[in-house]
1. What residue, among those in the stretch 76-111 that are hydrophobic (A, V, I, L, M, F, W, C) and loosely packed, with under 15 Cβ neighbours inside 10 Å, is farthest from the chain's Cα centre (by Cα)?
2. Can you pull out the residues in the stretch 7-54 that are hydroxyl-bearing (Ser, Thr, Tyr), surrounded by 15 or more Cβ atoms within 10 Å (Cβ to Cβ) and part of a loop (DSSP other than H, G, I, E, B)?
3. Collect the residues in the stretch 55-75 that are of a type in the set (D, E, K, R) and either under 29 Å from the mean Cα position of the chain (by Cα) or surrounded by fewer than 20 Cβ atoms within 10 Å (Cβ to Cβ) (or both), keeping them in residue-number order.
4. Which one is nearest to SER71 (Cα to Cα) among residues in the stretch 128-163 that are modelled with pLDDT of 95 or more and hydroxyl-bearing (Ser, Thr, Tyr)?
5. Listed residues VAL177, VAL116, VAL196, VAL171; which is among the β-branched types (Val, Ile, Thr) and in contact with a Phe, Trp or Tyr (Cβ under 8 Å, 6 or more places away or on another chain)?
6. Please state which of the following conditions ILE204 fails to meet, knowing it meets all the rest: (1) on the phi > 0 side of the Ramachandran plot; (2) loosely packed, with under 10 Cβ neighbours inside 10 Å.
7. Consider the stretch 62-94. How many of its residues are hydrophobic (A, V, I, L, M, F, W, C) and touching an Asp or Glu at 6+ places or on another chain (Cβ under 9 Å)?
Amino acid sequence: MSRDRLLSVEEARDAVFAAIVGPTPTEVAWLMEARGRVAAEPVTSPMALPPWDNSAMDGYAIRAADVSAGSDDTPARLEVIGEVRAGQAPDITVRRGSAVRIATGAPAPPGADAVVPVEQTTPLGADGAAIGPRGRDATGPLPAGILVHTATPVGGSIRRAGSDLAAGTTVIEPGTVLTPALVGLAAGLGLDQLSVHRRPIIGILATGDEIRQPGRDLGPAGIPDANGPA
């Protein structure tokens with residue numbers, strides 16, 4: 001072949017792309033096998049994130065009106081009537097003058113419109129005396145009451161349902177390469193499979209009279225084929 005007929009890398013690449021008829025067929029891949037694949041269909045959120053109002057802090061679910069005057073000098077006093085842990089559905093209602101201890105990520109109980117962080121509270125015993133320092137770890141014994149040392153606004157330390165993502169939102173467009181972050185997003189939406197394009201089959205032809213298969217005798221002028229196996 002004469003030199004004027006040799007193709008540049010760019011020309012060769014364009015010729016290869018021009019020969020591609022279209023996207024490869026689609027298939028369903030398990031989520032753990034989808035990383036690095038190309039999405040074939042739009043992915044929409046089947047649920048809101050968060051799916052329900054939940055606490056952004058370890059603390060106490062309260063009514064904001066009950067602590068509107070709370071301060072270091074005049075803390076609000078509330079009765080602790082129960083607890084909600086992460087992964088547990090609340091079965092108690094926050095009423096006037098009460099609080100429910102709550103863990104980060106736990107669903108907000110009915111009646112609560114705010115969460116006061118544990119750092120802004122002092123635990124009280126049944127006799128009304130402090131049973132620990134201000135900000136005591138919220139995983140210890142449930143106190144009978146708390147002092148709240150700050151006013152807390154409505155919605156304080158509560159992550160509202162759908163505040164991150166509304167149900168029905170398209171989160172992955174067709175043609176998108178599925179990165180680890182997108183695979184994690186799909187997992188967070190409860191999806192275990194995604195529609196992807198099949199991987200193309202690519203052939204590499206290494207040419208040259210000097211090329212030998214790896215492991216073969218090279219002879220006096222041969223070199224191993226590094227491109228084919230790669």
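The values are calculated or read from the model by the stated rules, or taken from the named source; none is laboratory data. No experiment lies behind these values; they were computed from the predicted model shown. Don't worry about glycine lacking a Cβ; one is built from the backbone with ideal geometry, like all the others, and counts go over all protein chains shown.
1. In the first step, residues of the stretch 76-111 are kept if they are hydrophobic (A, V, I, L, M, F, W, C); the result is 76, 78, 80-81, 84, 86, 89, 92, 94, 99-100, 102-103, 106, 108.
Cutting the leftovers down to loosely packed, with under 15 Cβ neighbours inside 10 Å gives us 86, 89.
Details: ALA86: 17, ALA89: 21 Å.
Filtering the stretch 76-111 for residues that are hydrophobic (A, V, I, L, M, F, W, C) and loosely packed, with under 15 Cβ neighbours inside 10 Å, the one farthest from the chain's Cα centre (by Cα) comes out as ALA89.
2. From the stretch 7-54, those hydroxyl-bearing (Ser, Thr, Tyr) are 8, 24, 26, 44-45; that's our starting set.
Cutting the leftovers down to surrounded by 15 or more Cβ atoms within 10 Å (Cβ to Cβ) gives us 24, 26, 45.
Listed by number, the residues that qualify are THR24, SER45.
3. Result: ASP58, ASP72, ASP73.
4. Among those that are modelled with pLDDT of 95 or more and hydroxyl-bearing (Ser, Thr, Tyr), it is THR150.
5. Numbers: VAL177 fails: in contact with a Phe, Trp or Tyr (Cβ under 8 Å, 6 or more places away or on another chain); VAL196 fails: in contact with a Phe, Trp or Tyr (Cβ under 8 Å, 6 or more places away or on another chain); VAL171 fails: in contact with a Phe, Trp or Tyr (Cβ under 8 Å, 6 or more places away or on another chain).
Exactly one of VAL177, VAL116, VAL196, VAL171 is among the β-branched types (Val, Ile, Thr) and in contact with a Phe, Trp or Tyr (Cβ under 8 Å, 6 or more places away or on another chain), namely VAL116.
6. Status for ILE204: all satisfied but (1).
7. Looking only at the stretch 62-94, we keep the residues that are hydrophobic (A, V, I, L, M, F, W, C), and these are 62, 64-65, 67, 69, 76, 78, 80-81, 84, 86, 89, 92, 94.
Now narrow it down to the ones that are touching an Asp or Glu at 6+ places or on another chain (Cβ under 9 Å): 62, 64-65, 76, 78, 84, 92, 94.
The total comes to 8.
Yes/no matrix, rows are residues, columns are (1) touching a helix residue (DSSP H, G or I) at 6+ places or on another chain (Cβ under 6 Å); (2) of a type in the set (S, T, N, Q):
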| position | (1), (2) |
| --- | --- |
| ALA29 | no, no |
| GLU41 | no, no |
| PRO50 | no, no |
| SER55 | no, yes |
| ASP72 | no, no |
| ALA76 | yes, no |
| GLY82 | no, no |
| ALA99 | no, no |
| PRO107 | no, no |
